[in-house]
1. Anything in region 342-359 that is touching a Phe, Trp or Tyr at 6+ places or on another chain (Cβ under 9 Å) and either in contact (Cβ under 8 Å) with a residue 60 or more places away in the chain or of a type in the set (Ser, Thr, Tyr) (or both)? List them, or say none.
2. Identify the single condition in (1) in a helix (DSSP H, G or I); (2) modelled with pLDDT under 80 that Pro281 does not satisfy, given that it satisfies every other one.
3. Under the condition of being small (Gly, Ala, Ser) and in a helix (DSSP H, G or I), which residue from region 288-303 is modelled with the lowest pLDDT?
4. So Ile72 fits all but one of (1) modelled with pLDDT under 80; (2) loosely packed, with under 14 Cβ neighbours inside 10 Å; what number is the exception?
5. Given (1) modelled with pLDDT of 85 or more; (2) part of a helix (DSSP H, G or I); (3) open to solvent by less than 40 Å² (accessible area, probe 1.4 Å), identify the lone condition not met by Ser377.
6. I need the full set of residues from region 252-278 which are at pLDDT 85 or above, surrounded by fewer than 20 Cβ atoms within 10 Å (Cβ to Cβ) and not hydroxyl-bearing (Ser, Thr, Tyr), in order please.
7. For region 318-350, name all the residues that are of a type in the set (Phe, Trp, Tyr) and open to solvent by 10 Å² or more (accessible area, probe 1.4 Å).
8. What pairs come out if I take residues in region 305-329 that are in contact (Cβ under 8 Å) with a residue 60 or more places away in the chain and pair them with residues that are open to solvent by 40 Å² or more (accessible area, probe 1.4 Å) and aromatic (Phe, Trp, Tyr) whose C-beta lies under 8 Å away, six or more apart or interchain?
Amino acid sequence: MSVMVQILLALASVLALLGLMAVVRRLAQKVGLNAEVQRKLMHVGTGLFTLVLPWIFPDRWPVYMLIGVTMIVMAILRLPRFSNGLGAALHSVERTSYGDFLLAISVGLCFLLAGENTLYYVLPIAVLTLADAAAALAGTTYGTKRYVVEDGDKSLEGSVVFFVVTLLVSIICFLFLSKLPPSNIMMLSLMVAAFGTLVEAQSWRGFDNLFLPLGLMIFLKAHYYSSLAELAVLTILFFAALVSFGVVGTKLGFTKHTTRVYVVAVFLLLAAAKLQNTVLPIMVLAAHGWARTASPCDSKYPDLDIVAALGLLGFGWLAVGNATGWDAISFFGVSAMGLAMGLTAVALRTIPIAIPLVAAVLFLIRIWAVSLNSDQSNWAEPLTALSLVSLAIMAIVPLFFPQLLQKNRVSRLTLLAVLPPLAYYIWFIAGSIGDGFVTGVVS
C-alpha cells in the first residue's frame, strides 16, 4: 500500500470518527440518550475500529499520525464553541474525565509496545472496548450495590459484568491468537479478568482508559509463557498483597480505594520490570506517604495523583525506549530517584540536615540497580553527573521554594524530576545519531 493511500486512510478514519459523533448526537436528540450512554457509544465505536488497525495499515507510522490528528480534533471539540454541539457526545458527562485523550494515548502505546504479537494489542483494546462499556451501562442501569471511589462511586453489578465480559473476551482472543494449552488459557483468562476488574474498579477520571489496556498488555508480556504453577503462585501473591496493603494502608490513613490502587501499581511495577528496577518507584510511594503526613498539600486526591504520576513515568519511558530502540530503564530510574528525593525533601523541610543523607541513600540504590542491569540497559551509563544534578534540583526546590509545591505538588515534582533525564536522553541520542551520520558521510 502506497504512502499516499495510507495517509488518505488515516484522514478518512478521522472523518469517520466525526461522522460517528454526529450520528450519536442526532440519535441522542431524537430518543433522549443520556450523556453516559452517548459517551459509551462513542467508546465502543472507536474501540471496535482501533481493533482492526493492525490489518488496515501495513506500516506503523499512519497509526501514530491518525492518533495524533484525533487528539488534536478532540482538543478542539473541548472548546466552548463545540463542547455543547458535536463535542457533547464525548464531553457532556458531569464528572471530570480525561478518558478521550487517554484512550487515544493507550491505543498508540499498545500498538507500539505490542510489537509483532497481535494478541498483546487486540486483547487489551477489546477488553477496554467491550467490557468497560458493558460494565458502565450495567452499572448505571441496574446498579444498586455501590462502593465509593475518590471522585464518585461505582456499582458491584457493573464490576461483575466487567469480569464476565473480560473472561469471555480473553478466552476468545487466546483461542484465536495463541497456541497455549487449554489449562493455561483458562488460568490466564481468569487472571486477566480478575486483574482487569480490579484496575477498572479503582480507576478515576478516565484513567482506566490508560491503566487498563497498558496494565493488561504488560501483564501478558510478562506472564504469557509462565507455567500453570507459576500463574497459580502469582495469583496467591496478588491477593495476599491486596489484603496486607489494606491493613497497612488503613494504619497510615489511606482510604480503601487508595490502598487497592497502590496494590495495582506495585503489581504492575513487578510485572513490567526486574526487581532491582522497582525499588526506587516503590520508594516514591513510601516517600509520598511520609510527605503527605508531614506536610499536607492542597491537592484534592494526592494519593491517587502519585500513582498516576508513576504510571505515566513508567509507561512514558517504556514507550520512548521502544520507539527509539535505546533502552530507557536507566533514565526511568533517575526520574524515580528524583521524585523520591523531592517528596522526601518536602517531608524533611524542618530537618534539612538529613536531606543529604537521604540523597546519598537514593544515589547508592540507583548504583546498585544499575549494577544488576544488562549492558543493553546500561548503554548510557555512568549517569553520575545527571543523577547528582537531579538530586540537587529535587532537594533545593522543596527546601527553598515550598510555596511552589503547595498546589499540584505531585505533578510539579514529577515534571521537575523528568526534565533533566529527558533532556539528557534526547541530547545523547541526537549526538549519537549525528556522529553516525558524519561518520557515514566521511567514509
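The values are calculated or read from the model by the stated rules, or taken from the named source; none is laboratory data. These numbers were taken from a predicted model, which means no experiment stands behind them. Cβ coordinates were reconstructed from backbone atoms using ideal geometry, including for glycine residues, and neighbour counts include every protein chain displayed. Calculation scope for accessible area: heavy atoms of the full protein, side chains included, ligands and nucleic acids excluded. Shrake-Rupley method; radii C 1.70, N 1.55, O 1.52, S 1.80 Å.
1. Within region 342-359, Leu343, Thr344, Val346, Ala347 qualify.
2. Failing condition for Pro281: (2).
3. Step by step, filter region 288-303, then rank; the result is Gly289.
4. So Ile72 meets the others, but not (1).
5. (2)
6. Across region 252-278, the qualifying residue is only Gln276.
7. Residues satisfying the conditions are Trp326, Phe332.
8. Once the first residue is in contact (Cβ under 8 Å) with a residue 60 or more places away in the chain and sits in region 305-329, its partners that are open to solvent by 40 Å² or more (accessible area, probe 1.4 Å) and aromatic (Phe, Trp, Tyr) give Trp326/Trp379.
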